[in-house]
1. Within the group 57, 62, which residue is open to solvent by 60 Å² or more (accessible area, probe 1.4 Å) and either within 19 Å of residue 3 (Cβ to Cβ) or modelled with pLDDT under 90 (or both)?
2. Filter region 509-524 down to the residues that are polar (S, T, N, Q) and without any contact (Cβ under 8 Å) to a residue 60 or more places away in the chain, then identify the one that is surrounded by the most Cβ atoms within 10 Å (Cβ to Cβ).
3. Which condition from (1) in a helix (DSSP H, G or I); (2) within 12 Å of residue 275 (Cβ to Cβ) is the one that residue 315 breaks?
4. For the condition modelled with pLDDT of 80 or more, surrounded by 14 or more Cβ atoms within 10 Å (Cβ to Cβ) and among the hydroxyl-bearing types (Ser, Thr, Tyr), what is the one hit in 265, 260?
5. Going by the conditions given, is residue 200 open to solvent by less than 10 Å² (accessible area, probe 1.4 Å) and at pLDDT 70 or above?
6. Kindly provide the set of residues from region 217-259 that are free of Cβ contacts under 8 Å to residues at least 60 places away in the same chain and β-branched (Val, Ile, Thr), ordered by number.
7. Of the conditions (1) modelled with pLDDT under 80; (2) in a helix (DSSP H, G or I), residue 205 satisfies every one except a single condition; which number is it?
Amino acid sequence: MPKLIVKSGASAGREFVLTDKPVTGGRMPDNDFELRDSLVSRKHSEVRKNGASFVVSDLGSSNGTFVNNRKVEKPQSLNEGDEILIGDTVLVFRDETAARPAAPRKQTDSEIAKNLYGSSEIVRPIGEMSEDLQMDVRESIARGVSWKEMSRRAQAQTAAPAEAPPAEGAKAAAEVGTVRPGGPPAVDKKFFLLYQLGKAVTQATTLDEILDVALHISLEEVGAERGVVMLQDAASNDLVARVCRHRDRGLLDPEEMTVSRTITSRVLKDKVAILTNDAKEDSRFAMGLSIIQYNIRAAMCVPLWDKQDVLGVVYVDNLLKTKAFTKDDLELLTAIANQIAIRIKQEELYARLKDQAVMRANLERLHPPEVVDKILEQEVSLGVEERQVTVLFCDIQGFTKLSEKNPPPEVSRLLNAYYENLARIVFEHHGSVNKFIGDGVMAIFGAAGDQPDHAIQAVKAGQDVLRVRPQLLSAAPSGVNYNLRVGINSGTVLVGWVGSLKLMEYTVLGDTVNIASRLEALAQPNTLCIGEKTHSLLNGAVPAKSLGKRQLRGREQEIGVFEVTAD
C-alpha cells in the first residue's frame, strides 16, 4: 500500500496512506498533512497519483521541495525509499509493490551543496568540525590563555600534510582551506579569528563584553600596545571612550588613555580607515599635539560603520615602535570593527523592538488592532495634524453618590465591567478609547486613519452601549440601579502625540471635544445627544429627534441638538 512516513520533524512516526485523491502538505491545518514549521509555506507540496505511479510537485513554496537532496522543479516520480524534504521535515515514500530502482551513485559534498543551494560550497556536519572552532574565546581569555596561543594551537592541530583534493572539489576546497584525509579543513588564521569573534558577538550578554573581547584580540593580533573603542554620543556627537585596554596591563581607566584626536576626528569626519607607521613624521598629522606630547609612533584607526552611518571608531597605537603595522593589519582591524558595528546595530534594533512592543501593548488597551497598526506605521514624534473625527463621551449618572454608598471593591467591580464592555463596543465599531476619566469614557472615531462613516459608527456604538446597560447592572452591587448618558459630536480636531518626550499620549484636541462633553451632560437618562454636524453626517442612517437650539455651558452661540435612543 503506497504511503508517506514522516521520518523526522515534529510529526515523526506518522503515516499518510496515498490513494487516487491528491494530498497536500503545508503549514496550515487545511492540508492533508500539517507541518508546523516556519520554513514551510501555507500550501507547500502536493503528492498525486499519475497512472501507475505517484509524483510530487512543489506548489510555489518559498523554500522549495527536495527529493533525495535534489530540488523539485517539475512534477517528479517517486520510487520506493525516496526521501522528500519539506522545511525540516523528511517524509519517506513507501510502495513495496513497486520495483526498487538501482542504488544511485553516492553524491559528493559539493554535489549535495550545489543541488541544495545552487553553489559548490562544501557541506560538512557540525560534529566533524575542529574542536578549536567549537571553543569559547571568552572563556579562554578569562583563564588567561592568550589569543596568540589559542591561534597557534589551532594552526598546529591542523598543520598535517594534505593530500591533493579531487579535481571536482579543488576549487571549493581552496576557498575554505586544505582538506586533510578523513578530517576537517585546516584552520586559516584570519578565518579562525573572525569565526571566534563572530561567535563571541552573538553570545556576549552585554555590549561592553564584546567590545573588550574584540579589543583584546585586536591588540594581540596586530601587535599594538594600547587600544580603545570609542562610540559617538547621540546628543553631543562627540566620541566617548567605552572600553580601553593595554596589551600587558589589561583594562585601563579612560582617563589613562589619551588618543590622537587628530586621527580619530578625521576617521569620523571622512569615514576612512587610517594607518600611520610614524605619526610624528607623518605630514597628515603634523599639527597633532597629542601625537607629539605622548610620543605616538605607529597608529591605526578604523570606523565602526553601518552603510553610511559611522557609529564610532576603534583606535590602536604603539608608543615605541615605528612601522609596527601592515596593510593586512589594517584590513583585519577593519573586519573586527565591522563585527562590532553589527552588534551595536543589533542592540539598537532590540531596543527599538522592545520599545515598540511596550507601545503596542499599551495602545492595544485603548485601540483596536487595525488602528494600532496605523498608529505604529507613523513616526512617533510630538506634533498634531487636523482631521475630521467624531468624539463620544459616556458616563454613569449619579456615580458620586453611588460610590459613597457602596464598598470600594463593589464599585471597582462595577467600573471594570463598565469599562470592559464599552471598550469592546468601541473596538467593534473601529473606534479608539482615548481616556477613562473616573466613571467617564472618551472615545474617538476616525482619528487614526480614513473612516468615512465615523459619525455613523460612533452613534451605533453609543446605541450599543445603552443596550448593554442591563448586562452592566448584573455586575453592580445588589439593589443598585443606575443610568447612562452619551454625548456625541463631529468636527475638525487636532490629532496626534502630545506631552513630553518621556511621556506621550495619542489624543485629540479642539472645540469638537468640548461640545461632545457638554452634550453628554445634557443627555437624558439612557439616551444619547448628538450635535448638528453629527446629525448631518448620519444622512438619515439613524433616526434622531430634534431638541432644537440649545445653549451649552461655556459657549456663547446656541447649537442644534438631537436625541437618539437605543431602539
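1. 62
2. For region 509-524, the residue satisfying everything is 514.
3. (1)
4. It is 265.
5. no
6. Hits for region 217-259 are 240, 243, 258, 259.
7. Looking at each condition in turn, residue 205 falls short on (2).
Conditions (1) modelled with pLDDT of 75 or more; (2) assigned to a helix (DSSP H, G or I); (3) buried (at least 19 other Cβ atoms within 10 Å of the Cβ); (4) touching a Leu at 6+ places or on another chain (Cβ under 8 Å), marked per residue:
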site: 331; (1), (2), (3), (4): yes, yes, no, no
site: 334; (1), (2), (3), (4): yes, yes, no, no
site: 342; (1), (2), (3), (4): yes, yes, no, no
site: 347; (1), (2), (3), (4): yes, yes, no, yes
site: 351; (1), (2), (3), (4): yes, yes, no, no
site: 356; (1), (2), (3), (4): no, yes, no, yes
site: 367; (1), (2), (3), (4): no, no, yes, no
site: 373; (1), (2), (3), (4): no, yes, no, no
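The values are calculated or read from the model by the stated rules, or taken from the named source; none is laboratory data. Note that the structure is predicted; figures quoted are calculated from it, not measured. With ideal geometry, Cβ positions are generated from the backbone for all residues, glycine too; neighbour counts draw on all protein chains shown. Note: accessible area is taken over every heavy atom of the protein model, side chains too, but ligands, DNA and RNA are not part of it. Shrake-Rupley method; radii C 1.70, N 1.55, O 1.52, S 1.80 Å.
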